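Trainee: I am attaching a structure below and will ask some questions about it afterwards.
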Amino acid sequence: MVSVVVLVCAYVLIWGAWKVFDWVWWKPKRLERYFREQGIEGPSYKLIHGNLKENTVATEEAKAKPIENFSRHFIAPRVLPFLHQIVEKYGKLSLFWVGGIPRVNVMDPDLVREVLSNKFGHFTKMRPNPLSKLFISGLASYNGEKWARHRRIINPAFHQEKLKVPMILYEVLRLYPPVTFLMRYTDKPMKLGEINLPSGVLIGLPILLIHHNRDIWGEDAEEFNPERFSGGISKAAKYKSAFFPFGWGPRICIGQQFAIMEAKIALTMILQHFSFELSSTYVHAPHWSLTLQPQHGAQVVFHKL
Ligand code: HEM
């Protein structure tokens, strides 16, 4: 009797140990191979934390210093440093590990559309950020000729002529998308383009990286150029699905029109009564904290007109 109990206990222990081993090591390693065979690579899985430690280190390093020169809006290495490194190194489809969960990063706008279509279940939701935070840069931060050019674009809007404010808002939303990435989750095995995804995979859609990608937006991808939207959103980039600050598909932001309208009204009211400039205390330090935020605030000096 005693030996039967010992045998059962030993069996349960070994079975439990195997399950834990499978969960923390064997399964991720198996999946890593499975993805590699399909051409999807990334930093190798580390026991239990996956790549979370590397992510934390990269984020802390990036947050330590502001961006010195922001005439170009090259913010991806500061806002999403680890993801940026991975995409640079491993390309349009890459992989990293959120603990034991694989996260596939999709940079191809056509595949992004596919993910945001009905096919994939909803995974997480970012809290929307009021548009007021978007004006830390753009018109307010320019001087000289650049300022004059942008001012010329925005001016007619306040003379009841052709409304061009949306172009400016779109360009701000392109360079500084409040929601920097979207997430989906496979709750069953699925196919994405040519790729087979098992159940339990996170799909990351890095809005910010796609919005800043030169292959998609051209050599001036990191420059503030609202005129790229002059032919409408669908003509602004090589792919018409490349601009998606409000998401896309069935879960597209319900407040999109409201947010744009609110921003237009707020900006119009401010410009009617004030001129403004960035304060000398302002440092450019966009960072990710659920949404895209100015890490040290956005100090603006207003002058009554
Ligand atoms: C610039 C401002 C805003 C941005 C960039 C933004 C962005 C987004 C994005 C990217 C999504 C899709 C999330 C996903 O697919 O997982 C979303 C969803 C949503 N947003 Fe916004 N949003 C903004 C303002 C607003 C405002 C003002 C409201 C409400 C008045 C709002 C309400 C919602 C709601 C309710 C959803 C969920 C829709 C659904 O799941 O069916 N958003 N937003």
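The values are calculated or read from the model by the stated rules, or taken from the named source; none is laboratory data. Source: prediction; values computed, not measured. Reconstructed Cβ throughout: ideal geometry from the backbone, glycine too, with neighbour counts over all protein chains shown. Ligands, DNA and RNA are excluded from the accessible area calculation, which covers all protein heavy atoms including side chains. Shrake-Rupley method; radii C 1.70, N 1.55, O 1.52, S 1.80 Å.
Trainee: Could you please find all residues in the stretch 234-257 being within 16 Å of the ligand (Cβ to nearest atom) and either of a type in the set (Phe, Trp, Tyr) or farther than 19 Å from Thr180 by Cβ (or both)?
Mentor: Phe243, Phe244, Phe246, Trp248, Pro250, Ile254, Gln257
Trainee: List the strands (runs of 3 or more DSSP E) inside the stretch 221-305, counting only whole elements, that have at least 3 residues being open to solvent by 40 Å² or more (accessible area, probe 1.4 Å).
Mentor: Fully inside the stretch 221-305 and qualifying: 274-278, 300-304.
Trainee: Of everything in the stretch 272-282 that's closer than 13 Å to Val300 by Cβ and not aromatic (Phe, Trp, Tyr), which residue is farthest from the chain's Cα centre (by Cα)?
Mentor: Going through the qualifying residues, I end up with Ser275.
Trainee: Give the number of residues within the stretch 88-108 that are assigned to a helix (DSSP H, G or I) and buried (at least 23 other Cβ atoms within 10 Å of the Cβ).
Mentor: Looking only at that region, the number is 0.
Trainee: Scan (1) out of contact with any Pro (no Cβ under 8 Å at 6 or more places or on another chain); (2) within 16 Å of the ligand (Cβ to nearest atom) for the single condition Pro294 breaks and write down its number.
Mentor: With (1) out of contact with any Pro (no Cβ under 8 Å at 6 or more places or on another chain); (2) within 16 Å of the ligand (Cβ to nearest atom) applied to Pro294, the lone miss is (1).
Trainee: Suppose we filter the stretch 12-48 for residues that are free of Cβ contacts under 8 Å to residues at least 60 places away in the same chain and farther than 21 Å from Lys89 by Cα; how many remain?
Mentor: Of the residues in the stretch 12-48, 16 are free of Cβ contacts under 8 Å to residues at least 60 places away in the same chain and farther than 21 Å from Lys89 by Cα.
Trainee: Is it the case that some residue within the stretch 213-220 is more than 16 Å from the ligand (Cβ to nearest atom), in contact with a Gly (Cβ under 9 Å, 6 or more places away or on another chain) and at pLDDT 95 or above? Explain how you work it out, then say what you get.
Mentor: First, pick out the residues of the stretch 213-220 that are more than 16 Å from the ligand (Cβ to nearest atom): 213-220.
Then keep just the ones that are in contact with a Gly (Cβ under 9 Å, 6 or more places away or on another chain); that gives none.
No, the stretch 213-220 contains no residue that is more than 16 Å from the ligand (Cβ to nearest atom), in contact with a Gly (Cβ under 9 Å, 6 or more places away or on another chain) and at pLDDT 95 or above.
Trainee: Can you tell me which of (1) basic (Lys, Arg); (2) more than 16 Å from the ligand (Cβ to nearest atom); (3) out of contact with any Asp or Glu (no Cβ under 9 Å at 6 or more places or on another chain); (4) at pLDDT 95 or above is the one Arg174 doesn't meet?
Mentor: Exception for Arg174: condition (2).
Trainee: A follow-up question, please. So which residues in the stretch 1-42 are open to solvent by 80 Å² or more (accessible area, probe 1.4 Å) and not in a helix (DSSP H, G or I), if there are any at all?
Mentor: Met1, Glu41 - these are the residues of the stretch 1-42 that are open to solvent by 80 Å² or more (accessible area, probe 1.4 Å) and not in a helix (DSSP H, G or I).
Trainee: Of the numbered conditions (1) over 18 Å from Val104 (Cα atoms); (2) open to solvent by 10 Å² or more (accessible area, probe 1.4 Å); (3) among the hydrophobic types (A, V, I, L, M, F, W, C), Met183 satisfies every one except a single condition; which is it?
Mentor: (1)
Trainee: Can you name the condition, by its number, that Glu219 falls short on among (1) more than 17 Å from the chain's Cα centre (by Cα); (2) touching a residue at least 24 places away in the same chain (Cβ under 8 Å)?
Mentor: Condition (2) is where Glu219 drops out.
Trainee: Restricting to the stretch 43-60, count the residues that are surrounded by fewer than 13 Cβ atoms within 10 Å (Cβ to Cβ) and in a helix (DSSP H, G or I).
Mentor: Count: 4.
Trainee: Here are the criteria: (1) away from the ligand (no atom under 16 Å from the Cβ); (2) open to solvent by 70 Å² or more (accessible area, probe 1.4 Å). Tell me which single one Asn196 does not satisfy.
Mentor: (2)
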